[in-house]
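Here is the structure we will look at.
The values are calculated or read from the model by the stated rules, or taken from the named source; none is laboratory data. What you are looking at is a predicted structure, and each value in this text was computed from that prediction instead of being measured. Here the Cβ is made from the backbone with ideal geometry for all residues, glycine too, and neighbour counts use every protein chain on show.
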Amino acid sequence: MKIPHIKLSSILLVLAVILTIGIWFFVRQRTNTFSDYATATHSLGQLTGLAGVTLLALTFLLTTRLKFVENLFEGLDKVYHSH
């Protein structure tokens, strides 16, 4: 079985989503975000929306063809593959 090579660029993309969700939890720490069905589904909707907007923003960043992004992903072809 081949073990996939995890690159720093992939870790940074996942970390951006986790950080965004972590900030959401930090801001909403005093509210009951999962106390009943209605607030739980509302909170899950907000979390998936935040993750989607974060990934969309990262997609825009990846398509700008910035040199440091190319260097981070080790080539423009790998940037577009991650895109």
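Numerical summary
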item: Selection count where residues are surrounded by 11 or more Cβ atoms within 10 Å (Cβ to Cβ) and either in contact with a helix residue (DSSP H, G or I) (Cβ under 9 Å, 6 or more places away or on another chain) or touching a residue at least 60 places away in the same chain (Cβ under 8 Å) (or both), scope segment 26-42; result: 3
item: Cβ pairs under 9 Å, 6+ apart, first in segment 52-66 and under 17 Å from L19 (Cα atoms), second modelled with pLDDT of 85 or more and hydroxyl-bearing (S, T, Y); result: V53/T20; T54/T20
item: Residue satisfying all of: in segment 32-55; of a type in the set (S, T, N, Q) and either touching a His at 6+ places or on another chain (Cβ under 9 Å) or part of a helix (DSSP H, G or I) (or both); nearest to L15 (Cα to Cα) among these; result: T54
item: Check on T20, among the polar types (S, T, N, Q), loosely packed, with under 14 Cβ neighbours inside 10 Å and either under 19 Å from the mean Cα position of the chain (by Cα) or modelled with pLDDT of 90 or more (or both); result: no
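For every residue, the table says whether it meets (1) closer than 26 Å to L76 by Cα; (2) not small (G, A, S).
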residue	(1), (2)
S9	yes, no
L19	yes, yes
T31	no, yes
A40	no, no
L44	no, yes
G52	yes, no
L56	yes, yes
L61	yes, yes
